[in-house]
Ligand SMILES: *Cc1c(COP(=O)(O)O)cnc(C)c1O
């Protein structure tokens, strides 16, 4: 029996996608073999690969002067690849809004002069800080933000205007959950395992000039131009993860695309936040003004009671409600694939527990 899975990632996937993948597991179409067993340089795989790129372009309204790359190594590899490729003046600025943006900053600091433009560490990352755009250095190679903070449950409602300086966004846990204006960014990246598809694929959306002007004194594999020039087929891509991603993107399109998914996500998150705001024992952790639509950290304020909740919830069919190991407490990740009924059922259970 499938249960409601509130994991932060790898995360729940649409049941219809899993069922279709199961039907196609041993033989894809009339190919006589599974997707996993065929060459990445032959049809039908190449068709799937190109469909994923065009579905991402369509669903995210990616302008034609951006490349969509299907890479590996997770968002964590991008923490390193971005400074390696984009460093010209050897300088980048970071908005620190939690663990992941902190890691992006530390990794970049190995490669260039990384500085903190703004941080909400003082308030335990419970909100997005004011961003002093006047402090953006005119010779910074880029400004980095994490648009949705998976662990502390905050999200940017407005993005800073960085002018001519490329804005880089880690969208690992927020991509495809709400409409974004891609043209405001120089580069967007996301590990697939939160809100795109299964683990193993990393999506990078990068403006053409950043590909063209990227550093050439890097190993070929670590240059964006290598992958951009080869349609992300320079070497063997994670073919099965890309196939699964195609099914997930088709599912999202059937739901009415990102516009409609955003409406569903807003209403879905509201159900949980409304309950948390009124609850006698639970409270949300993130500041009201910057609450995430995807990751909802909360707590009873009592460690033992939090643990008891996780245990009883698991027994009742609600899995993975522990907070991140770094911060403790509780967290419900409610990505696109989590149905509204899942959140309604969770709230009913929380009322009973209360
Ligand atoms: C999960 C996550 C990461 C790390 O992703 P990996 O693919 O495991 O490297 C980075 N940034 C954010 C915002 C995340 O949620």
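The values are calculated or read from the model by the stated rules, or taken from the named source; none is laboratory data. Since the model is a prediction, treat every value here as computed from it, not as a measurement. Every residue, glycine among them, receives a Cβ derived from its backbone with ideal geometry; neighbour counts consider all protein chains shown.
Quick notes
- Residue check: residue 56 meets all listed conditions (1) assigned to a helix (DSSP H, G or I); (2) within 16 Å of the ligand (Cβ to nearest atom); (3) crowded, with 17+ Cβ neighbours inside 10 Å but one, namely (2).
- For the range 211-231, the set of residues classified as in contact with a strand residue (DSSP E or B) (Cβ under 7 Å, 6 or more places away or on another chain) and surrounded by fewer than 23 Cβ atoms within 10 Å (Cβ to Cβ) consists of 211, 228, listed by residue number.
- Condition broken by residue 78, with the remaining ones in (1) outside any helix (DSSP H, G or I); (2) closer than 24 Å to residue 212 by Cβ; (3) within 16 Å of the ligand (Cβ to nearest atom) satisfied: (1)
- Among residues of the range 278-318, those that are more than 26 Å from the chain's Cα centre (by Cα) and within 30 Å of residue 259 (Cα to Cα), counted: 1
- Test: residue 207 is farther than 20 Å from residue 14 by Cα and touching a helix residue (DSSP H, G or I) at 6+ places or on another chain (Cβ under 8 Å): no
- Residue 197 meets each of the listed conditions (1) in contact with a helix residue (DSSP H, G or I) (Cβ under 9 Å, 6 or more places away or on another chain); (2) surrounded by fewer than 22 Cβ atoms within 10 Å (Cβ to Cβ) apart from (2).
- Note on the range 323-354: among residues that are over 23 Å from residue 175 (Cα atoms) and without any contact (Cβ under 8 Å) to a residue 24 or more places away in the chain, the one that is surrounded by the fewest Cβ atoms within 10 Å (Cβ to Cβ) is 325.
- Number of the exception - residue 193 against (1) touching a strand residue (DSSP E or B) at 6+ places or on another chain (Cβ under 9 Å); (2) touching a residue at least 40 places away in the same chain (Cβ under 8 Å): (1)
- Per the listing 184, 246, the residue uniquely at pLDDT 95 or above, over 17 Å from the mean Cα position of the chain (by Cα), more than 16 Å from the ligand (Cβ to nearest atom) and under 19 Å from residue 62 (Cβ atoms) is 184.
- Candidate set from the range 146-167 (those that are within 12 Å of the ligand (Cβ to nearest atom) and in a strand (DSSP E or B)); member that is nearest to residue 80 (Cα to Cα): 146
- Flag for residue 115 being in a loop (DSSP other than H, G, I, E, B) and surrounded by fewer than 19 Cβ atoms within 10 Å (Cβ to Cβ): no
- Among the residues of the range 156-177, those that are buried (at least 24 other Cβ atoms within 10 Å of the Cβ) and touching a strand residue (DSSP E or B) at 6+ places or on another chain (Cβ under 8 Å) comprise 168, 169, 170, 171, 172, 173, 174, 175, 177.
- Residue count for the range 104-117, restricted to those that are within 13 Å of the ligand (Cβ to nearest atom) and more than 15 Å from the chain's Cα centre (by Cα): 3.
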